[in-house]
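Visitor: Okay, handing you the structure first.
The values are calculated or read from the model by the stated rules, or taken from the named source; none is laboratory data. Keep in mind that what you see is a predicted model, and the values were worked out from it rather than measured. Cβ coordinates were reconstructed from backbone atoms using ideal geometry, including for glycine residues, and neighbour counts include every protein chain displayed. When the accessible area is computed, the model is the full protein with side chains, heavy atoms only, and any ligands, DNA or RNA have been set aside. Shrake-Rupley method; radii C 1.70, N 1.55, O 1.52, S 1.80 Å.
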Amino acid sequence: MDKTKIEQQAKKIMDEFLLVLGKIDQLPYELGTERPSSMRKDGATQTDNGFSSRMLENAPKIKDNCIVAEKKKW
């Protein structure tokens, strides 16, 4: 596949995803991150204390605070 075809497919997937998200009335928490700059400074990190708990809530299987996932066999 060429690069432009892949980019078009990715854009289509993202557009469809945003349409579905737009149909949701209210989310239990706010999605996204707003930054004053699009680039982070080296060494400066921000942590989100609720991130890991939200990830674990969305995971279908968890064990010992870790997401249990299948290993894909190629």
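Visitor: Restricting attention to the range 43-57, and to residues there that are open to solvent by 100 Å² or more (accessible area, probe 1.4 Å) and either part of a loop (DSSP other than H, G, I, E, B) or touching a strand residue (DSSP E or B) at 6+ places or on another chain (Cβ under 6 Å) (or both), which single residue is nearest to VAL68 (Cα to Cα)?
Guide: Taking the candidates together, the pick is ASN49.
Visitor: Just to check your reading of the model, which residue among ILE62, ILE6, ILE67 is modelled with pLDDT of 85 or more and in contact with a helix residue (DSSP H, G or I) (Cβ under 6 Å, 6 or more places away or on another chain)?
Guide: ILE62
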